1. Can you find, among Thr10, Cys58, Ala76, the residue sitting farthest towards the positive end of the charge dipole of region 1-78, where Lys and Arg contribute +1 and Asp and Glu -1 at Cβ?
2. What distance in nm lies between label points placed 7 Å from Cα along the C-beta direction at Leu116 and Glu166?
3. Check which residues have an amide H placed less than 5 Å from Val119's amide H, if you skip close sequence neighbours.
4. Would you mind checking the tilt of helix 157-167 against the longest principal axis of the Cα atoms of the chain, expressed as 0 to 90 degrees and rounded to 10?
5. Over what distance in Å are the Cα centres of region 123-144 and region 57-72 separated?
6. What relative contact order, as a whole-number percentage, does the chain give when Cα pairs under 8 Å and 6 or more residues apart are counted?
7. Treating only the Cβ of Lys, Arg, Asp and Glu as charged (+1, +1, -1, -1), what charge dipole size does the chain show about its Cα centre? Round to the nearest 20 debye.
8. Name the GluC sites (Glu not before Pro) in region 197-293 that are in a loop by DSSP and that have at most 16 other C-beta atoms within 10 Å, would you?
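Please treat every number below as a calculation from the coordinates, not as lab data. This is a predicted model, so every value here is computed, not measured. Neighbour counts run over all protein chains shown; Cβ positions are idealised from the backbone, glycine included.
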Amino acid sequence: MTVYLDHAATSPLRPEAREAWLAASDVVGNASSIHGGGQDARRVLEDARERVAAVLGCDPIEVVFTSGGTESINLALKGMWEARQPERRSFVLPDGEHHATMDAAQWLWKNRDAHLLHVGLGSRGAIPVARFTVALPDAAVATAMVANNEVGTLNDVASLAAASAEAGVPLHLDAVAALGHVPFSFSGLRGDAAPGVGLTALSVSAHKVGGPVGVGALVVGRTARLAPQFHGGSQQRGLRAGTQDIAGAAGFAAAAEAAEAEREGEAARLTALRDRLIAGALAIPGTRLLGDPTRRLPGNVHLLFEDAVGETLLFLLDQAGVQASTGSACQAGVPEPSHVVMAIGLDDMAARSVLRFTLGRTTTDADVDTLLRVLPDAVTRARAAASVRS
Ligand code: PLP
């Protein structure tokens, strides 16, 4: 039996999402067509939009469906940046954001002469509000994560949103890792910010909450200024051209609703499992927990195993039937140390010695028992392999 502890990479499809997706995929019609079939498709789509909006705490008109988190983030950051040209050039970019954010910002720097203002992370992976606030004046756009997908640390996004509103800067939040795990509301975080500033856009993705892969949403506040990045039809307020994926939207809505309905109970259950996993793993000498011990995602365990290489450990655990992640990007088949782990102050060697276990809806007590049974031997063998190589 395989133990799947990589829910942050993608979470198994929920039965209700599969059913909703299948039912909607049988509807024949383009949601923009005027005939009866088109109207049927539009009803399915707008029902999904309303349900996603209810989960995210925004108006249905503010939900722009996309192909996933990466597209939502690119649309938000490039679109918000472009809308502020030529008067403002700086971009507030915390270290340790997801690659979709880091690379979109780099693209703006290389191709649009954006001025990137990097905000260093605290040693537990949080964005320091004071450092973020200092970078804000006159920025074209600022971005931040609700929760870090690698080390699991939760940010004080209410303060980041308030600081952005106060400074007159539009803020985008990447809520991909947070959806279904920690409570947040777009309108709550937006508060009474002036038009076009403070929280104006928020990204989410369906497959992280048991919805289909290839569907996501960008919440674009009514007063946001955002230049479209796709050109074509006038769908979705003209912000995202292209025939809309009604089956994807229906699957996403079913998954997001189910995740939200069980969020509180699951958070308590996963926190207990997480803390048992952490305690068991820390009993192995030379093991450290990264991120914040308490202000972290309920299902996130991020560990450093001194003198072991994360990839070796990953391989040995996979052989023992446990699937996890190093959390790092793999460039042309060569594992790179994670930029998030480097951003919290680890050196190159330490950054190669980490492993992330992420728990979710299907994780059981028995899964944690299995991991804790096979982990000590895998660590011993990974350390032995590293010492032979060095
Ligand atoms: N942002 C965060 C925090 C993520 O964890 C991910 C996916 O790993 C993304 C963005 C990208 O989302 P998607 O896989 O839907 O493109």
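1. Positive-most Cα among the choices belongs to Ala76.
2. Taking the simple label geometry, Leu116 and Glu166 are separated by 2.7 nm.
3. Here Leu93, Asp95 satisfy the definition.
4. 50 degrees
5. 24 Å
6. Numbers: 806 pairs, mean separation 86.6, N = 390.
In percent, rounded to a whole number, it is 22.
7. On the way: 34 positive and 42 negative charges, 86 e Å.
So the dipole magnitude of the chain works out to roughly 420 debye.
8. On the way: sites: Glu257, Glu260, Glu262, Glu264, Glu266; in loops: Glu262.
Loop-located and lightly packed - Glu262.
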